[in-house]
Structure formats: C-alpha cells, structure tokens
Amino acid sequence: MILNYAYRLYPDAQQVELLSEWLETCRLSYNYALRELKDWIASRKCPIDRCSLESEYIMAADYPFPGYHQQQNNLPKAKKKFPRLKAAPSQVLQTNIRRLHDGWDFFQKRGYGFPRFKKYGQMKSVLFPQFKSNPLSDWEVQLPKLGKVRINLHRPIPEGFVVKQVRVVKKAVGWFGVLAIQSALDIPSPVPHGHAIGIDVGLLSYVATRDGYTEARPKFFQTAYRRLKVLQKRLSRKMKGGKNYEKGRIKVAKQHNHIGFKRTDYQFKLAHKLCDLADTIYVEDCDFRIMAKGMLGKHTIDAGFGQLRSILEYVATKRDVFVGRVDHRGTSQTCPNCRTAVQKDLSVRRHECRECGYVVDRDIASGQEICNRGEETYRGTPEKQEIDERPRVGARRKGTRSSWLSSRTVGEFYSR
Ligand SMILES: [Zn+2]
C-alpha cells in the first residue's frame, strides 16, 4: 500500500539555489529529449515521393526510436559534453526522462496530450526515486547531493511504513516534499458491501446522497476571489518584465495556491464524511471538463468535481469503502422509484413523478438513481466475506479517526 504525504520543506539559501539549478537542468534535458522524439516522428511522417514544406531531418530507416532506455543510456555520454548535467543527481535526471516517456505513452494510449516543451520556470518538481536507508530524522530529510533539508513533520509517518520516494515541489508559497510511503502490508481492494449510497454532485448542493444528506456548495472563490481580483488588477498596472511585475505575479500565484489548498482540504474532509455514511459509494462517470465548458464554467472549475472524485477514491481505499462509477447519462431525468423518464429543466428543483407520484428533491432523486444503477452494474461482483464482527452500517466509525482502516489486520496495525 502506497500513500502520499505532503510536508513543508524549508531549504536554506544554498539549497534553494541548488534546487533551482537542478530544475532548470531538468527542464533543458527534458526539452532536448523531446526534440529528439519529435525529430524522429517528423522524419517518419514525410511522404516517400516528395518533400514536406517544412525542413525536416532525414533519418536512416533503421535509426532506432529514441525510447526511454536509449535516452537514459545517453545521459552519461551527455554528461561529458555538458558539465552542467553532472551537478544534478543522476537518478533525478533519469526519472525526468521517464516522465517524458510516461507522457508519450499516455499520448499513445489516449490519442491526446502530446508532451510539450517546457518554458523557463515551468519545471516545478524533481523526484528522488530511491533511498537506501530512512532519510528522515526529527526535523530534517536527507536528500542526495543536497544534504539535510529542514522539514515540518506535522503528521507522523505511520508505523510499518518506509519512505520510498521524495518529490520536491516548488510552489509560490514555498517548497514542499511529497513523500511516497509504502508498507509491506497488502490490502485487498474493497468490494461492494454493506450500506450503499449514490452521490450526485452539483452546483447548488455540492453533494446529495440517496439518504437525503445534502451539503451546500462552499464558495471558495466568493471570499478568496475578492482578494485575487485586487491583486490581479494591481499586477495589470505594473510594467511587464519589471521587478514590481515579478513581485505582483508571485502575490497572485500565492493567492491561487491559497484557494487550491482550501479546496483540497475541504474535499478530503468531505470524502471522510461520505465514507462515514456508507460502505459502498456510487458516483457518476462524467467527464467534468465538458461540464466546465457550459454557462457556469468558472463555478464548475472552482468546485473541482473531478478532484473530489479522485480524492474520494483515494480515501475510500484506505477506509475499505468501495467506490464504483456508473453511467451518468440521464440520471436526473429518471424517476428512481419506477424508473420512467421524467423530463425536467435545470430550473425545476423538485422531482415529481407523474407515473407513481414520487416526490423528492431533484438532487436527491439523482443520488437515488445513481445508487440504483450502481447496484445493477456491480451486482455480479462477489460479496465481501465478513471476517470480523464489527457493527454494520451507518453508526460505526462515526467520528473515530483512529479506525479509518477497518479490516482486522490493518486495524491492529494502526492501533495507536
Ligand atoms: Zn415514478
């Protein structure tokens, strides 16, 4: 089981300088490797009987594709030519190339998202992929070639977990270390069991469950946005490229960070709350980016539904709650009671069925319909074997933070 814990880092001036230098080195080598990749692709694209209008490298037909291993093996040679590469840890450079090829593989699989060149300052993180011994002491983390960096371990690493990787991330508010921690314990992925709910997300009520639990949409922006607007206005009056422009830009970026942190924090708390309410949760399989293209786009992006869904899935795995995705089409246009289609506009906030006379709040009706679909979709999957006599449904686990992992072995593991 792998978890990601994020902590604030406080590198000193010398370490900041080193890290910034490595980020830039990573950016340049990333761009170089991407150029190689692009040249190879362009040389294969050119028609055989005529030349393309743009100039392109002509490569021999048997010239191998610059894959990950080839580019990685070229790094030691490149180091002789460019001494700058020697300054950065070699594993950092390797994982950086790996990152490019992950992007390329993603593009191959999905058909979109071709890796792009990174402009100055766009490379934001470096990854230290391997540690021979525990890099953590009370206040510091030991990183290769960087030495001891001050870290705020506000949250202890759970017993039995070891630090696998550290990603150092640069943000406007400061430096962060994302620690990937792993335990040898293998936790079976949750299966549908117990009390099931469907969750409908929306702009009026942020979530609405089948049981009638609704939560109003928190307006992260409405409060923080006012400040952002002021800062952006001030920035627009500065001379571009000047010192004051840079100062203003950082202030705007910090405000964006602030809003983002608030949102993530809220979503983690909400995810835990939802896991308190049920053992099985069904969500819609929407592509929320399409929803964000609509009229209330700004608010949809602010709400971050996609992020909520992935956070919910992450939290649910830890807490042995099953999360299933169901078809989202027409969930709000179907009566959850008798399953006939009931057409209604967005402005109609109550669901009233003409067939069976079922009346309920619109969002809750969608939640119920999502739950119906979930139970149909995942009916074939095997039921969970009860291995302990923990109390069933609803009442359990409420407000008890220590019992967030519920299978017995894990429960013992975490009894702190
Ligand atoms: Zn009905």
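Just so it is clear, none of the values below were taken in a lab; they were calculated from the coordinates. Since this is a predicted model, take the numbers as computed values, not measurements. No Cβ is skipped: glycine too gets one built from the backbone with ideal geometry, and neighbour counts run over all protein chains shown.
Here Lys164 is the anchor, and the aspartates and glutamates within straight C-alpha reach of less than 18 Å, apart from those fewer than 8 places off in the same chain, are Asp138, Glu140, Asp186. For the stretch 340-373, GluC sites (Glu not before Pro) are listed when DSSP marks them as loop and at most 13 other Cβ atoms sit within 10 Å of their Cβ; the list is Glu355. Rounded to the nearest 20 debye, the dipole size of the stretch 70-202 about its Cα centre is 1220 debye, using +1 on the Cβ of Lys and Arg and -1 on the Cβ of Asp and Glu. Is the stretch 112-242 rounded, prolate or oblate when judged by the Cα gyration tensor, a ≥ b ≥ c being the square roots of its eigenvalues, rounded requiring a/c under 1.5 and prolate requiring a/b larger than b/c? Here the stretch 112-242 falls in the oblate category.
From the largest down, the stretch 2-183 spans 67, 34, 30 angstrom on the principal axes of its Cα atoms. Taking amide H as placed 1.01 Å from N in the peptide plane, the amide H of Asp361 sits under 5 Å from that of His351, each at least 5 places away or on another chain. Each Lys and Arg contributes +1 and each Asp and Glu -1, all at the Cβ; summed about the Cα centre of the stretch 9-92, the dipole is approximately 240 debye.
Put simply, the amide H of Gln165, placed in the peptide plane, has neighbours under 5 Å in Ala180, leaving out anything fewer than 5 places away on its chain. The modelled label-to-label distance between Arg350 and Arg249, using points 7 Å beyond Cα along the C-beta direction, is 5.5 nm. Per residue, the chain reaches -13500 deg cm²/dmol at 222 nm when only DSSP H runs of four or more residues are counted, each adding -39500 (n - 2.57). Mean silhouette area of the stretch 225-345, derived from the convex hull of its C-alpha atoms and averaged over all directions, reads 10.6 nm². Take the Cα radius of gyration of the stretch 165-221 and divide it by 2.2 N^0.38 Å, N being the number of residues; the result is 1.84. The slack between His258 and Cys51, meaning 0.36 nm per residue of separation minus the straight C-alpha distance, is 69.3 nm. Using only Cα atoms, locate the centre of the stretch 1-56 and the centre of the stretch 203-228, then give the distance between them in Å, rounded to an integer. About 38 Å separates the Cα centre of the stretch 1-56 from the one of the stretch 203-228.
Checking the cross-link pairs Lys148/Lys247; Lys124/Lys318; Lys118/Lys318; Lys81/Lys145 against a 26 Å limit on the alpha carbon distance flags Lys148/Lys247; Lys124/Lys318; Lys118/Lys318 as lying beyond it. With the simple spin-label model, which puts each label point 7 Å out from Cα in the Cβ direction, the Trp139 to Gln232 separation comes to 4.1 nm. Projecting the Cα positions of Ala216, Pro192, Phe114 onto the charge dipole of the chain (unit charges on Cβ atoms of Lys, Arg, Asp and Glu, taken about the Cα centre) puts Phe114 furthest along the positive direction. Listed as lacking a disulfide-compatible partner in the chain: Cys26, Cys46, Cys51, Cys275, Cys286, Cys371, by the criterion of no other cysteine Cβ under 4.7 Å. Taking every DSSP bridge with both residues inside the stretch 158-317, close to 85 percent are antiparallel. With both bridge residues required to lie in the chain, what share of the DSSP beta bridges run antiparallel, to the nearest 5%? Antiparallel bridges: around 85 percent, rounded to the nearest 5.
In this structure, Lys77 and Arg155 have a Cβ-Cβ separation that, at R0 = 30 Å, corresponds to a calculated FRET efficiency of about 0.10. Report Rg(Cα)/(2.2 N^0.38 Å) for the chain, keeping two decimals. Relative to the rule-of-thumb radius for its length, the chain sits at 1.18.
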